[in-house]
């Protein structure tokens with residue numbers, strides 16, 4: 001099959017690789033209708049994360065079940081399915097506790113930007129839905145990672161009706177976190193964003209205030225908006241030390257920072273956290289936990305996270321998609337095999 | 001007045017110092033009936049925290065109001081009062097949010113092991129009660145710090161009825177955390193303790209399991225007790241890097257570590273926290289928030305945290321109290337002026 005592979009910093013190719021095959025009787029093979037490029041793929045693209053040269057890349061996909069293992073019962077060949085980036089059996093103690101991302105049989109989608117992808121624990125992982133039309137597809141695709149990840153930030157931070165919520169990060173996850181905060185009842189959502197197009201989308205998603213300043217000036221701006229108290233809940237959607245420090249700077253005492261940006265070089269400010277009783281919760285989003293609810297919201301038209309996609313490319317042009325995201329010319333890119 | 005002062009590592013003295021006086025119209029002066037020595041005093045005693053040579057030490061006290069400032073309304077001269085170690089106005093935004101330890105007018109008791117102590121924001125800080133008899137006094141004294149601090153660990157970790165709770169630390173705070181976990185509904189409380197006397201007291205307080213192993217062996221023991229899943233809530237009551245790592249080692253995915261041990265040299269294991277969605281909440285306990293409820297439980301005989309005191313000394317012998325705690329011959333020491 002044709003698949004996106006990575007060979008080094010900035011070196012993304014489309015190559016012929018062996019088709020994935022059923023390895024366990026609980027696996028399924030999905031023919032990808034659409035995949036996308038994740039902010040976390042860019043860590044490897046930029047050389048900030050180690051890679052295996054020539055390995056496939058991409059962990060977000062929707063498509064049609066092509067083949068199932070002998071023990072798969074809940075999905076059939078021909079079903080249109082949403083593939084959460086992390087696989088889970090949805091029956092172990094961690095899954096039952098709502099932490100499907102820590103499933104004892106977890107796995108990860110390895111070839112989301114490709115013609116085919118293998119899904120482990122297919123019965124637990126996959127969520128079926130009717131094949132979406134072209135207008136709905138982007139929002140369905142957003143359910144594989146960014147929308148549930150933004151949702152997890154809000155759940156982890158304990159967003160409640162009436163709260164003032166700060167969102168650190170205006171990437172696709174930060175923008176989805178704005179949606180999540182509003183859906184979970186926030187009265188006021190302050191998004192930290194320096195890019196006019198992202199500010200506009202954040203506002204369309206329900207952000208009530210935009211803070212363009214960063215670091216200390218950004219913290220000061222949020223404190224001023226909250227009469228010196230700080231945000232009732234803070235959603236950290238970047239993963240850098242700078243973003244984490246900003247989050248703890250503007251979080252009010254006793255509140256929680258919900259974090260979903262994969263930490264890179266983060267040193268947590270424990271003295272501030274302890275002295276001000278600011279908690280930290282979150283991590284790898286349990287996508288499967290939130291998927292049925294979020295799918296319902298998409299189908300009902302309550303949320304439209306697909307608007308984060310602003311570039312749509314055929315698989316052969318995937319390298320341009322990486323460049324566009326790395327250069328911030330695009331927020332998020334659909335890739336179609 | 002006579003007061004305990006610290007002059008260097010291991011150098012505790014009782015000296016004549018100037019009487020504290022009303023500095024703000026919101027202050028009160030309390031004549032100390034009984035004070036005590038805190039595990040956090042030992043950081044300075046051991047030379048691990050900086051000191052001001054000759055400064056008074058001790059932040060836990062109960063006693064009788066001797067003098068009040070012009071703006072004090074809610075306590076009167078002659079009232080028996082509990083002095084929380086952290087002072088608060090109990091009216092600011094942080095106090096109203098239940099984080100009295102981050103009061104915008106916060107202060108700390110500076111001479112709890114002395115004849116007199118000054119209390120800032122007396123109306124907000126002090127809690128009145130009938131003068132306790134000799135059997136009740138230790139449990140009332142425990143309400144100034146260790147019992148609310150153990151309580152805060154359990155609240156921060158999100159203890160709920162039916163949970164299996166692990167307590168890391170068998171000092172006075174850890175022992176009070178055992179009480180708190182049971183009062184908040186834990187079915188099972190696993191305490192990590194190597195000392196027979198503390199194991200006995202923990203069991204008397206409601207611990208159902210004792211793990212004497214430390215570090216990896218201790219983690220393994222708790223995992224075995226929980227069928228490999230880990231503790232539903234973990235209360236970290238020490239503050240060392242070793243204790244924090246143990247806490248995150250045995251906490252189940254998706255759970256929260258409630259921490260109240262003042263962090264010393266702690267480097268948080270963020271990769272594990274993120275990968276397993278283990279949260280961290282807690283910090284300096286908002287004693288004033290919990291005091292009325294905990295006082296009610298003491299007066300009703302539901303809890304008896306005073307049992308953590310196993311040495312009772314006159315002020316003149318306070319240096320022996322520090323030695324006994326530092327050498328682990330005593331869990332916690334009452335000091336009587």
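Tabulated data for the structure shown
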quantity	calculated
Using a Förster distance of 56 Å, the FRET efficiency for residue A:91-residue B:320 (Cβ separation, nearest 0.05)	0.45
Calculated FRET efficiency for the pair residue A:220/residue B:299, C-beta based, R₀ 60 Å, to 0.05	0.85
Number of partner chain Cβ atoms within 10 Å, mean per residue of B:152-159	1
Length-normalised contact order for the stretch A:147-282 - Cα pairs under 8 Å, 6+ apart - percent	27
Copies compared at residue B:104 - label distances in nm, ascending, label defined 7 Å from Cα in the Cβ direction	5.1
Inter-chain shielding of A:24-31 (mean C-beta neighbours from other protein chains, 10 Å cut-off)	0
Degrees between helix A:172-183 axis and first principal axis of chain A (Cα, 0 to 90, nearest 10)	70
Exposure proxy ranking, count of Cβ atoms within 10 Å, fewest first, for B:208, B:56, B:109	B:208, B:56, B:109
Sites residue A:128 and residue B:195 - FRET efficiency at Förster radius 56 Å, r taken between beta-carbons, to 0.05	0.50
GNM flexibility winner over chain B from B:126, B:311, B:96 (Cα, springs under 10 Å)	B:96
Across the identical copies, how the residue B:217 labels are spaced - nm, sorted shortest first, 7 Å along Cα→Cβ	5.7
Packing rank of B:226-234, A:171-179, A:65-73, A:30-38, where each peptide gets the mean count of other beta carbons within 10 Å, highest leading	A:171-179, A:30-38, B:226-234, A:65-73
Cβ neighbours within 10 Å from other chains - mean over B:251-257	6
Cα long-axis angle, helix B:241-250 against chain B (0 to 90 degrees, to the nearest 10)	40
Packing rank of A:142-154, B:279-291, where each peptide gets the mean count of other beta carbons within 10 Å, highest leading	A:142-154, B:279-291
Most to least packed among B:321-327, A:113-119 [average Cβ atoms within 10 Å]	A:113-119, B:321-327
Computed [θ] at 222 nm, helices only, for chain A once each DSSP H run of length n ≥ 4 contributes -39500 (n - 2.57)	-8000 deg cm²/dmol
At 7 Å out from Cα toward Cβ: residue B:128 inter-copy label distances (nm, ascending)	7.0
Relative contact order [Cα under 8 Å, 6+ residues apart], chain B, whole percent	18
Rounded to 10°, Cα long-axis angle of helix A:146-156 versus longest principal axis of chain A	40
Cβ-based exposure ranking for B:235, B:42, in which fewest neighbours within 10 Å come first	B:42, B:235
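Here, each number is a calculation from the coordinates, and none is a lab measurement. The structure presented is a predicted model; accordingly, all values stated were derived computationally and were not measured. Cβ: placed from backbone, ideal geometry, glycine included. Neighbour counts: every protein chain shown.
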